[in-house]
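Here is the structure we will look at.
Each value in this text was obtained by applying a stated rule to the coordinates, not by laboratory testing. Source: prediction; values computed, not measured. Cβ placement follows ideal geometry from the backbone for every residue including glycine, while neighbour counts extend to all protein chains displayed.
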Amino acid sequence: MRFIHNSSILFRWVNCQKHRNEKRALHRLALKIKSRPLIFALSSARPQNCGNTRKSEIVTLWNCQSPHRRCMLKSAKANAALCGKAPTDPDLKTIDKTELEEKKMRKHLVKRLAAGVMSAALAATMLAGCGGTASEAATAESGDAAVEPVTLKILFKGPKPDGWDAVYEEFLNRTKDTLNTELDMTFVEHADYKDKLNLEMTSGADYDLVYDASFVHLKELAADGYYADLSEYFNNPEYPGLQKAFSPETMEANKWYGQMCYIPLFRTYGNGVPVVYYRQDLADEWGIGTIDSMEDLEAYWAAAKENGLIPLSARDTRGFYQLYTIAGSYPATADRVSSAEAGVQNFNIAGCTFWAYIQDGEVKACAMEGSGNENFADFPEGYNYDFGVERYEKFAEWQKAGYVSADSMTTKDADTPFWAGQAASTIGTLDEYENNANNITSYSPDAKLATFVYIDTIRNMEEGAYPTTYISNNGLAVPASSKNIDRTMKFLDWMFSDAANHDLFELGIEGTDWEAVGEDQYTDLSGYASTFPAYDFTWNPNYVKFSSILPEDVLAYRKWETQESSFVAQPVTGFSFDSSSSEMSTITAQVKAIADMVATTKLHGITSDGSTTYSSMTEMLKTNADACLAAGADQIMTELVNQLNAHLAA
């Protein structure tokens, strides 16, 4: 059954909170067929009860013959029927169409196009409605015909790099006779990017390339179909640069909801060697020496406090961050194997941390962190108690000792106080070494930067010390609404085709912005490389160069991290929890609202949920976990186990 009309179609959108998932489905399809009136109507609609359909909720869908439009109308009618408000407008007709009718309609459409009726809207729908295909791009660029000029709109996470204009001009000079592509860059400050991305995507803005990640909006936007499936462009000889830079295994591991809608940006399978940056000159002055243990770190913080400095400069969303863990997992100690080796893995859903014990290809046990020791009784030795709470108790101990700034919950910039000598340490990874080294020298010329790798097995550079799911922490996505998907992928194919093209963006103009030192190092001449956030645009394991300012020990860690033997696979890889069903999306929203009450405070060691102050971190987390479970976290856990078992079986 299909729904058609000769010029336009009117149907009721019953804007019901209960059926908001159907609204998301319609929104996804609207993006695909470029229906701006529908996009804006759906974006601005307000939740209300099923029976309150008003004239303002009548949405116009411009006529087109795309199957997406028919699916949209079927979804609209089905949703309306669920709400008890089936469309009754006379303009909406239900008919069974034969192949002959299909042909007649296509002929009729061609005549209308020839006559110029709705030519712009229909041409955009028929010729670019789904963003084009790789084969069309190959056709367009074959033969003697010149490539048509195009401007790609890119939403870039981060401020405009120093020297960008010269680098961009060099790019245009190199590619004017081949790509014939201009870049319209929208630079967004890091702190503002998350909100900006959500606003632009959900309002139907016409970007061709954006940065996204699981900690930004990838989980939601990918689930809602805002990003194009790019599978035809990878492992495709017509795109040799992409084929070389992104292996089939890498792309399979980075699928989201079954689609290759995410272009992973990474240098290694980890998220950087985790460290605490500190001042060696101060550690020596205070009699601490080189920091080699958590005990040394605590002694350093105590000395910093005694000397009037902030022991640790922490950011609002991070607090004490990953201390004691690596990528959310627990490393091996003298008392137990690593959580990955034990078959224990965490899954963060709706602000909650769920731990699963996987053995022999199935989930043996699952429990929510903070819910109490009894719920972990079936976990393996070393993990058969509510082990995740321990580190938060340690954070609370440090908070009471005054080892973190009093305003850490509202601090946006944790680095500058450290560079300026107001704070004695900050937390990060070795990926930030160059930036920290340059800035601390600028602010405090006499300072001596040092790093403490706080995971013992990584500090010892042991094999298999770093757990990984092979899912990249950073990446790019092409909006499904883009009219230039082929040309966007051609640009990326060019950038990842060889080191010269790649390094132009990541390091700048050779000889002006940087110069090579040996085969895998460089010297920054202009400062461009230190201000370009390569992790959100260019990172790739094929093109890794290290700064020549790295000390030998830091360089050794950075090279260790590029070796595959340094990593161990998590029990489950290539998995993403699907909460897109109407029921599950409602439950996750309810649970997250409760979990968020302690999500940030626990990272800072603060034993308060905003309304109640607790005697211990354990008490606060137990109270919150119980409330989350009562609100539906138990249903999330059941669904997680079902999805994990299905994934493992497949």
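Quick notes on this one:
- Local net charge near Thr441, Cβ-Cβ under 15 Å (Lys/Arg +1, Asp/Glu -1): -4
- Local electrostatic count at Lys592 - Lys and Arg +1, Asp and Glu -1, tallied over other residues with Cβ under 13 Å: -1
- Cα-only Debye scattering, the range 253-341: base-10 log of I(q)/I(0) at q = 0.14, 0.17, 0.18 Å⁻¹: -0.73, -0.93, -0.99
- Summing +1 for each Lys or Arg and -1 for each Asp or Glu among the other residues whose beta-carbon sits under 13 angstrom from that of Gly328 gives 0.
- Cross-link partners of Lys157 among aspartates and glutamates (Cα-Cα below 15 Å; sequence separation of 8 or more within a chain): Asp184, Glu189, Asp192, Asp195, Glu200, Asp208, Asp212, Glu506, Asp536
- Over 26 Å between alpha carbons, listed pairs Lys153/Lys592; Lys219/Lys483; Lys160/Lys196; Lys176/Lys483; Lys394/Lys592: Lys153/Lys592
- Residues whose amide H lies under 5 Å from that of Leu525, counting only those 5 or more places away or on a different chain, are Trp514, Glu515; hydrogens are built 1.01 Å from N in the peptide plane.
- FRET efficiency, Leu172 to Tyr443 (Cβ-Cβ, R0 41 Å, nearest 0.05): 0.65
- The Rg/Rh ratio of the range 418-533, with both radii computed over alpha carbons and Rh defined as the Kirkwood radius, is 1.04.
- Candidate aspartates and glutamates for bridging to Lys305, where Cα separation is under 17 Å - those fewer than 8 sequence places away on the same chain excluded: Asp281, Asp284, Glu285, Glu295, Asp296, Glu397, Asp407
- In terms of overall dimensions, the C-alpha atoms belonging to the range 176-292 reach 60, 37, 34 Å along their principal axes, ordered largest to smallest.
- Residues Arg459, Arg174, Arg487 in ascending order of nearby Cβ atoms (within 10 Å, fewest first): Arg174, Arg459, Arg487.
- For the range 182-250, the list of GluC sites (Glu not before Pro) that fall in a loop by DSSP and count at most 14 other C-beta atoms within 10 angstrom reads Glu189.
- Under 5 Å between amide hydrogens, built in the peptide plane, is the criterion, and for Phe546 it picks out Gln521, Tyr522 among residues at least 5 positions away or on other chains.
- Kirkwood Rh in Å, taken over the range 479-606 so that all alpha-carbon pairs contribute: 19.1
- Fully extending the segment from Asn642 to Lys244, taken as 0.36 nm per residue of separation minus the present Cα-Cα distance, adds 139.7 nm.
- Annotation: amide H of Leu183 within the under-5 Å range of Leu152, sequence separation 5 or more or interchain, hydrogens built in the peptide plane.
- By the count of neighbouring beta-carbon atoms within 10 Å, fewest first, Ser497, Ser611 end up ordered Ser611, Ser497.
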